[in-house]
1. In whole Hz and in residue order, list the ³J(HN,Hα) couplings for the range 214-220 that follow from phi through the Karplus curve 6.51 cos²θ - 1.76 cosθ + 1.60, θ = phi - 60°; x for Gly and Pro.
2. For the range 1-103, what's the relative contact order in percent, using C-alpha pairs closer than 8 Å and at least 6 residues apart?
3. Kindly rank 233-243, 145-155, 38-48, 83-93 from highest to lowest mean number of other beta carbons found within 10 Å of each residue.
4. Relative contact order for the range 224-287: what is it in percent, counting Cα pairs under 8 Å that are at least 6 residues apart?
5. Need the list of lysines near LYS274 for cross-linking: C-alpha distance under 28 angstrom, and skip anything on the same chain fewer than eight residues off.
6. Sorted by packing (mean other beta-carbon atoms within 10 Å per residue), highest first, where do 244-251, 94-101, 290-297, 266-273 land?
7. For SER201, list long-range residues whose amide hydrogen, built 1.01 Å from N in the peptide plane, is under 5 Å from its own amide hydrogen.
8. Which of the three applies to the range 146-286, rounded, prolate or oblate, going by the alpha-carbon gyration tensor with a ≥ b ≥ c and a/c under 1.5 meaning rounded?
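Read-outs throughout are calculated quantities, based only on the coordinates presented, and are distinct from any laboratory measurement. Fair warning: this is a prediction, and the values are worked out from it, not measured in the lab. Glycine also receives a Cβ, built like all others from the backbone with ideal geometry; neighbour counts cover every protein chain displayed.
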Amino acid sequence: MDILERDDLSFPTSLPDFQKLFPDDAACAAYLEKVRWEHGFTCPHCGVVGEPFRISTRPGVLRCRKCRKEARLTVGTVMERSRVPLSTWFWGAYLITSQTPGMSATQFQRQLGLSRYETAYGLLHKLRSAMVRPDQDRIGGHEGEHVEVNETLVGGQTRGEGRGKRHKVVVSCAVEVRHRQPGTAQDNRKDGHYAGRLRLSVQHDRTASSLCGFVEATVAKGTLIVTDDWKGYSALKDMGYDHHAVAECGNPEIADEFLPISHAVFSNLKTWLKGTHHGVSPQHMQAYLNEFTFRFNKRYYPMNAFISLLGLAAHAEAPTYADLYSGEWEHPTYCR
């Protein structure tokens, strides 16, 4: 069951609500316990259902009354093997989901009162890993709607190396274009179109293998797809998509008319990366794309993002700190 369908799980709608719901580590542990065992504690070792022994000094650990083995509430989550208090994790999750533009690691460190920047950086990236849902379905596939697919270069110039495309990252975008209900207040805005679900992914290059592979992994077959006339998309029709290529001919008005949503997404993405994070290294770009996608897809339900983030964390593949700092760990491209 989706965690958002759990009526027994409350979530904060304001800062005072958060302080009431999660005043200490024990309250945070009780929440994690309810997320993991909806109908009461079940020992993962012997399968006995019942009230466990609780350790006051270790709220994240429960001990079975029959087999006497311990069950840790953070096992399998982004909080596993972390010495950071549960309340700090919860505060961090609330901050990054309630702040619309997000925050940098420096801001995160200051808000949580952490002594080391590295701790804040690690917490942020681990929470970003919880924004990924590996079993996410493909977007598109709805009658009367289409998906815009586009790519852009993200990154800045390197000092001393002149102008050009050096060290830029290719980012692919697939976004649903939906239609507003007739008669609504914003029915006439942008011809009644608005963005649905979004997918973003870093690509090695702009070849057909990379671009068409991204589409195949993120968009449902049979979907009407609108792209520019770049040859890298020419194989989409043979792959089972209703592909419409638009020749922009360097005219921005054509792009604004046929690919307005994807261009707006790229503009907002670059503004967010530069304004909030002041630039991102290529090795961590996918993590930031995942965060942007999570925020974008949750923009109409900002308070649900908090409960969704912690719920996803219970099933996320948590990277280690060594993975984060080495840059070898990669996120899946599917984000809720």
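1. Couplings: 5, 4, 4, 7, 10, 10, 5 Hz.
2. On the way: 91 pairs, mean separation 20.4, N = 103.
Reported as a whole number, the value is 20 percent.
3. Result, highest mean first: 145-155, 83-93, 233-243, 38-48.
4. That works out to 25 percent.
5. Partners within reach: LYS126, LYS165, LYS168, LYS190, LYS298.
6. On the way: 244-251: 12.2, 94-101: 17.4, 290-297: 22.2, 266-273: 15.8.
Top of the packing list down: 290-297, 94-101, 266-273, 244-251.
7. Long-range HN contacts for SER201: SER172.
8. Oblate.
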